[in-house]
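The values are calculated or read from the model by the stated rules, or taken from the named source; none is laboratory data. The structure presented is a predicted model; accordingly, all values stated were derived computationally and were not measured. Heads up, the Cβs are rebuilt from the backbone with ideal geometry, glycines too, and the neighbour counts pull from every protein chain shown. We work out accessible area using only protein heavy atoms, side chains counted, and drop any ligands, DNA or RNA first. Shrake-Rupley method; radii C 1.70, N 1.55, O 1.52, S 1.80 Å.
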Amino acid sequence: MKQRAQSQKQNKNDVIHTPKQVAQLMIGMCDIEPHHTLLDPCAGSNRVFVNNFPKENIKYYAEIEEGLDFFNVCQKMDWIIGNPPYSKWDAWIDKTVSGNLCDKFCYIMTFMNFTQKRLARIHHAGFGLTKMHLCKVDWFFSPSIICVFERDKPSIISYTEDTIQCECGRRCGRGRTGNDPNVCISCVSYRSS
């Protein structure tokens, strides 16, 4: 258990407190009803989500620094709302959407974490992206996207799962290392022969 806790503390950039204004915006985007159970999966020392959840709700939190590991949560929640560690996105998404942990969740992610592969993983688990909000927090790494996902709901966004490749059918180097992005490198090779 101690070794697991140590492995969870690998990246100093994983502990970035969410501003109260952003937490309140995220909570407001969720259709929380008074009887809903709410989980902040990574509360941090500031407890910004838990402290701003509606008073009438049953609130839970996880925080690895206190030995309360999100990856050990088994209880079904109505909502999971938080700002997960950047370096653990794939495992975090898998835990959130696997089994029957929740039917709705709201996470803030940077543009770097908002990828087709991750959206596909969430979509294939039965969740649709139902709300989005773009924001810029001055000290975050990049602009952020607040996303609300709900099980068995249609998604408001479409995406292409696979990378669109050059017409030659492979990653030919087009647009890389100084190559012209408008010219297929394979086609140029064939023409010059």
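Return only the number of the condition from (1) among the charged types (D, E, K, R); (2) open to solvent by less than 50 Å² (accessible area, probe 1.4 Å); (3) free of Cβ contacts under 8 Å to residues at least 40 places away in the same chain that Lys88 does not satisfy.
Looking at each condition in turn, Lys88 falls short on (3).
Restricting attention to the range 137-153, which residues are open to solvent by 60 Å² or more (accessible area, probe 1.4 Å) and either of a type in the set (Gly, Ala, Ser) or modelled with pLDDT of 95 or more (or both)?
Within the range 137-153, Asp152, Lys153 meet the criteria.
Determine if the range 137-156 includes at least one residue that is free of Cβ contacts under 8 Å to residues at least 24 places away in the same chain and of a type outside the set (Ser, Thr, Tyr).
Yes, there is a match, as at least one residue in the range 137-156 is free of Cβ contacts under 8 Å to residues at least 24 places away in the same chain and of a type outside the set (Ser, Thr, Tyr).
Restricting attention to the range 51-85, report how many residues are within 19 Å of the chain's Cα centre (by Cα) and among the hydrophobic types (A, V, I, L, M, F, W, C).
Qualifying residue count for the region: 9.
So Ile64 clears everything in (1) more than 18 Å from His123 (Cβ to Cβ); (2) at pLDDT 95 or above except one condition, right? Which one?
Failing condition for Ile64: (2).
Of a type outside the set (S, T, N, Q), more than 30 Å from Gln75 (Cα to Cα) and either surrounded by fewer than 18 Cβ atoms within 10 Å (Cβ to Cβ) or in contact with a helix residue (DSSP H, G or I) (Cβ under 9 Å, 6 or more places away or on another chain) (or both): does that describe Leu134?
Yes.
Of everything in the range 157-176, what is open to solvent by 60 Å² or more (accessible area, probe 1.4 Å) and either farther than 19 Å from Thr96 by Cβ or polar (S, T, N, Q) (or both)? Give them in sequence order.
Once the filter is applied, which keeps residues that are open to solvent by 60 Å² or more (accessible area, probe 1.4 Å) and either farther than 19 Å from Thr96 by Cβ or polar (S, T, N, Q) (or both), the range 157-176 yields Ser158, Thr160, Glu161, Asp162, Thr163, Ile164, Gln165, Glu167, Arg170, Arg171, Arg174, Arg176.
Can you run down the residue pairs with Cβ atoms below 7 Å, 6 or more apart or on separate chains, where the first is in the range 168-180 and on the phi > 0 side of the Ramachandran plot and the partner is open to solvent by less than 70 Å² (accessible area, probe 1.4 Å)?
Once the first residue is on the phi > 0 side of the Ramachandran plot and sits in the range 168-180, its partners that are open to solvent by less than 70 Å² (accessible area, probe 1.4 Å) give Gly173/Asn179; Gly173/Ile185.
Among Leu25, Leu39, which is modelled with pLDDT of 95 or more and buried (at least 23 other Cβ atoms within 10 Å of the Cβ)?
None of the other options fit; the residue is Leu39.
Using the structure shown, decide if Val48 is open to solvent by 20 Å² or more (accessible area, probe 1.4 Å), under 26 Å from Met112 (Cβ atoms) and modelled with pLDDT under 95.
no
Would you tally the residues in the range 112-131 being under 25 Å from Lys76 (Cβ atoms) and open to solvent by less than 50 Å² (accessible area, probe 1.4 Å)?
10
Here is a check on your reading of the model: is Lys55 more than 24 Å from Ser158 (Cα to Cα), of a type in the set (Lys, Arg) and surrounded by fewer than 14 Cβ atoms within 10 Å (Cβ to Cβ)?
Judged against the criteria, Lys55 is a match.
Taking the range 45-79 as the region of interest, how many residues are in contact with a helix residue (DSSP H, G or I) (Cβ under 6 Å, 6 or more places away or on another chain) and closer than 24 Å to Phe140 by Cα?
6
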